[in-house]
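The values are calculated or read from the model by the stated rules, or taken from the named source; none is laboratory data. This one's a predicted model, so the numbers in the text were calculated from it and none came from an experiment. Note that each Cβ is placed from the backbone with ideal geometry, even for glycine, and that neighbours are counted across all protein chains shown.
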Amino acid sequence: MQTAFLRDLAPSCPDEIERVAEGMRQTLIEVEGEARGAAMYTQDWLRARIRWHLDPAQTQARVVLAVGAQGQILGHTIFRIERPDETRIGLISTTYIWPAYRRAGLASRLLACAEDWFREQRLTRCCTWTSATNRPLIALYGRHGYQQTDQGPNDLTDTLMIQLSKPLLPTDSSTP
């Protein structure tokens, strides 16, 4: 496996936005099946959702890419602060690694990046929501200390969604 580095998506680069939107669509297809997953959201909606995460007037978020040595995008994650006016939590919105680059630790590195950023924002808890059938993601998060804390139906489908959460502790004694 080649060396990869993590960096934030360049908001002015439509090719990067397109690649992340394609990854979001592939996530839906893998979890919901071809017919349902492809029909849930249009590519325009997915691109708009990425741009929403990049707009500080809308939310405090990051879109982080795993990039290969030749500059190709191997995967991504999107995470944000949820409920900014209440008890703030970190929400990992989506993570996708392209199949050829899986099993190399990229998803774990992206997850650690999100957790580190949440700690920098002084959040005490983070979570993600996923389909109860998304075994690979559930296993990944389980290996990193997440536990199921909630469940409910997807608003668009009859899929059971589960919340996986983890308390965040400071990484060193200098962090309150």
Legend entry - Of all residues making up the stretch 22-52, the number that are free of Cβ contacts under 8 Å to residues at least 60 places away in the same chain, among the hydrophobic types (A, V, I, L, M, F, W, C) and over 17 Å from Val63 (Cα atoms): 5
Legend entry - Pairs with Cβ under 7 Å, 6+ apart, first in the stretch 92-117 and part of a strand (DSSP E or B), second surrounded by 22 or more Cβ atoms within 10 Å (Cβ to Cβ) and β-branched (Val, Ile, Thr): Ile92/Thr77; Ile92/Thr128; Ser93/Ile78; Thr94/Thr77; Thr94/Ile78; Thr95/Thr77
Legend entry - Hits in the stretch 64-90 (condition: more than 22 Å from Thr27 (Cβ to Cβ) and of a type in the set (Ser, Thr, Tyr)): Thr87
Inset, instruction - Would you confirm whether any residue within the stretch 65-76 is at pLDDT 95 or above and touching a Cys at 6+ places or on another chain (Cβ under 6 Å)? - result: no
Inset, instruction - Considering (1) of a type in the set (A, V, I, L, M, F, W, C); (2) part of a helix (DSSP H, G or I); (3) closer than 21 Å to Glu30 by Cα, say which one Trp129 fails and leave the rest. - result: (2)
Legend entry - Number of the condition not met by Arg62 [criteria: (1) more than 15 Å from Gln121 (Cβ to Cβ); (2) among the basic types (Lys, Arg); (3) assigned to a strand (DSSP E or B)]: (1)
Inset, instruction - For the stretch 1-30, enumerate the residues that are under 14 Å from Arg49 (Cα atoms) and touching a strand residue (DSSP E or B) at 6+ places or on another chain (Cβ under 7 Å). - result: Leu9, Glu16, Arg19, Val20, Gly23, Met24
Inset, instruction - Being aliphatic (A, V, I, L, M) and exposed (fewer than 13 other Cβ atoms within 10 Å of the Cβ) is the filter; apply it to the stretch 133-176 and report the residue that is modelled with the lowest pLDDT. - result: Leu156
Legend entry - All positions within the stretch 103-122 that are touching a His at 6+ places or on another chain (Cβ under 9 Å) and surrounded by 18 or more Cβ atoms within 10 Å (Cβ to Cβ): Leu110, Leu111, Glu115
Inset, instruction - Using the structure shown, decide if Ala57 is over 20 Å from Gly142 (Cβ atoms), touching a residue at least 24 places away in the same chain (Cβ under 8 Å) and surrounded by fewer than 16 Cβ atoms within 10 Å (Cβ to Cβ). - result: no
